[in-house]
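All of the numbers you see were taken from the coordinates with simple rules; none came from a lab. None of these values were measured; they are calculated from a predicted model. For neighbour counting, all protein chains shown are included, and Cβ atoms are generated from backbone atoms with ideal geometry for every residue, glycine included.
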Amino acid sequence: MKVALYASNHGFGHASRISALAQSFIEFGIFVYLCTDRPQFLFQGLDSQFVVYRETKIDRGVVHKENLISDLPATKAALLELFSKREELVAQEVDFLRDSGIDLVISDIPYLIVEACGFANIPIFGISNFDWYFVYHELFNTDEDLVPVLNTIWALYRRMDKTYLLDLGSRESVPGFKEPTEGGLVSRTKNAFKDIHNQYKINKEQKILLLMFGGEGKISLPIKEICEAWDGVVISPYHHESMPRLINVPQDEDFLSLIHFSDLIICKPGYSTFAEILTMGKSMLYIPRKNYPEERVLIEGVKHYPNALMVEDFPNQVGEIRKLFATISKTDYKWEASNSFIVGDMLNEWIKIQFPKDRILSIFDLGSNNMNYLLYNKSRSMVIHRFWCTTGLARGFNNGMLADQSMHCAILSMNKLLMKDKHIESHKRLIATGISRKAKNAAKFIESLSNSYQIKAKTISAMEELKYSWLAAQEYMQPTQDNVVIDIGGSSTEISWEQIDGEPTGVSLDMGLISLLDEENLGNDIIAIIDTGYSKLPQFNKLRLIVVGLTATMLLHYIRSVPIKQSNDLAPNITLKELDDFLLRISNSTHAKHKEKADNNWEISSMRIAAQIIKLLLDRYEGLDFVVCNNGISMGYAKWIK
């Protein structure tokens, strides 16, 4: 699935929200296009495998003069120029949407893209705390020249398929949105923060005051007096002359980390600034702009946030500034970001538009090291979306028990995907394999997952897993050959083939990527272990080996340097020579080329073991290649389920 996210070419707030939504889509395995002209540093941290930055200018916000005062003549001129290029801009976006195969467009809050989506027949959702009609209508309420332009903007917004009104907004601030859904707060988030203290040589005992005014310039403040009044260091991304306790940082610095380590932020009202401060529970002192309609709804939105204080006229005396700082509250109150809820709801709404009344399945294949996810349209026998996450569930397995740490890490890894799917109206099924058949405490773990996310769950037998692997690979089979399907998991490997009566049979071998790596670390000969497992197989005269699931996808990624996202759309044959070359390359002690691709050394080692498993099977039956089948048992189960 591909989503195009359009951010207004105004300030940093719209782009920051789009960045937060992009991260949430990527966590679900969705490829995103970022369509804006905002600086690329606003999107730092997004997984480059799932994102393309596409510079485009399709709207214009408000032009500001010094101290962020609205420049109405310049704004009017910019709007009229934009509409003079309307036909050209719309045609350009129609071509992009069609050529790129975009499934859904999210607008925050360009309006001309609505017209392009109409021509391209692609659903478009709007999201914001205000719309441009609201702002322009107030700024130009006596300018008759702009009435046709404003009416067009309003009418385009009304054509959006779905709209979301964010916190720090109101129904009055989105007059163009038709029946908007309340969406909560959207904010960029991070799991780990840059060590600002170490980078800028700040003593951890020193308090940090951060100045930030977004992407529309700065406000004149008595910097020297602020530095004298503040008991700590002052950080600013704006150019100031050198003075004690002032640290100048680049404008593309990691502001999430700066906010995280700050004790107080001085800012202007701005959605992304407020949202990031609110979700981290930081204290802020904000200075409103003059004659800017969005200010009212932003200020109204934070009036119950206890750590915020508005100052219309900032004092310029050190003593007065100290008194001001002393009045600012610091509590533990935080707002929760709604990124996952909004993205999950967007996906559900898109499915209802595209596939009304169809039967939708969400299948979760919980293996020993990964959870594979399949969103499947049963009514049309088509894949809507698929993705996976690494859980490491079997790591640390000992004395027949899953390790507590492994279960905890697995939940954290799966949660982002599960929370989004929770909002999709689908029949949800979880099938557990491999280590779940062995672990004494697996049943309790799976029951907990089932209850938390309202998913019907079961641990399937080895023979059921064989059957689903076979069904997943059926479209890749040849009637004139001995089709053999192998599913290499973390704790077990299933091999299936066709009986005389046409029904599949096979064996489940008690070996997998995790268990074989454990054996190797103990000094045991894994080649001998694999060969012993293969001794249970019958004779095949004309082997057609089909490797299914995530292991096949990852091997294609490593052997041919195919990006993961593209791997899902391919089903090539990989030759024995390619396999041998890969094993030779990966045997190099540095693993330099492959370390760039891998999240960790474990992944490199697991791919080496997977290649050895396949090579030994090809050698045994004089096979020359194997077929990559990205479908796994989740697909087989989706085909089998009634």
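For this structure, a couple of remarks:
- Highest-first arrangement of 200-210, 1-11, where packing means the average Cβ count within 10 Å: 1-11, 200-210
- Relative to the current alpha-carbon distance between Val147 and Ile500, full extension at 0.36 nm per residue lengthens the span by 119.4 nm.
- Sequence-separation-based contact order of segment 196-326, relative, with Cα cut under 8 Å and 6+ spacing, percent: 24 percent
- Charge tally in the Cβ shell below 12 Å around Tyr373, where Lys, Arg are +1 and Asp, Glu are -1, Tyr373 excluded: +2
- A Förster radius of 41 Å combined with the Cβ-Cβ distance from Asp231 to Thr189 puts the calculated FRET efficiency at roughly 0.90.
- Secondary structure note: in segment 357-460, about 60% of the DSSP beta bridges are antiparallel.
- All aspartates and glutamates inside 17 Å of Lys542 as judged from Cα atoms, apart from same-chain residues fewer than 8 positions distant: Asp482, Glu498, Asp619, Glu622, Asp625
- Remark on segment 475-632: hydrodynamic radius 16.0 angstrom, per the Kirkwood mean of 1/r across alpha carbon pairs.
- Cross-link partners of Lys639 among lysines, defined as those whose alpha carbon lies under 18 angstrom from its own and excluding same-chain residues fewer than eight positions apart: Lys378, Lys428, Lys456, Lys458, Lys467.
- The residues neighbouring Leu156, those whose beta-carbon lies less than 12 Å from its own, together hold a net charge of +1 under the Lys/Arg +1, Asp/Glu -1 convention.
- Taking the Kirkwood radius as Rh and the Cα radius of gyration as Rg, segment 1-84 has a ratio of Rg/Rh equal to 1.06.
- Antiparallel %, DSSP beta bridges [both residues in the chain], to 5: 35 percent
- Point-to-point label distance, Met310-Arg585, nm (Cα→Cβ direction, 7 Å offset): 6.1 nm
- In a fully extended conformation the segment linking Lys224 and Arg380 would gain 49.4 nm over its present Cα-Cα distance, using 0.36 nm per residue.
- Within-14-Å neighbourhood charge of Asn307 [Cβ basis; K, R +1; D, E -1]: +1
- C-alpha center-to-center spacing [segment 391-445, segment 7-68] in angstrom: 34 Å
- Value of [θ]222 nm, deg cm²/dmol, for the chain, DSSP H segments ≥ 4, -39500 (n - 2.57) each, nearest 500: -11500 deg cm²/dmol
- Computed label-point distance, nm, for sites Gln454 and His239 using a 7 Å Cα→Cβ extension: 5.6 nm
- Residue (of Asn630, Ala472, Asn601) at the positive-pole extreme of the chain, dipole from beta-carbon charges: Ala472
- Chymotrypsin sites (Phe, Trp or Tyr not before Pro) lying in DSSP loop within segment 274-381, provided at most 12 other Cβ fall within 10 Å: Tyr333
- Cα-based equivalent ellipsoid, the chain: semi-axes from gyration tensor eigenvalues, Å: 52, 29, 21
- Its Cα centre serving as origin, segment 2-184 has a Cβ charge dipole (Lys and Arg +1, Asp and Glu -1) of approximately 180 debye.
- Computed lengthening from Ile527 to Gln612, 0.36 nm per intervening residue step minus Cα-Cα distance: 29.8 nm
- In this Cβ point-charge picture (+1 for Lys and Arg, -1 for Asp and Glu), the chain has a dipole of about 940 debye about its Cα centre.
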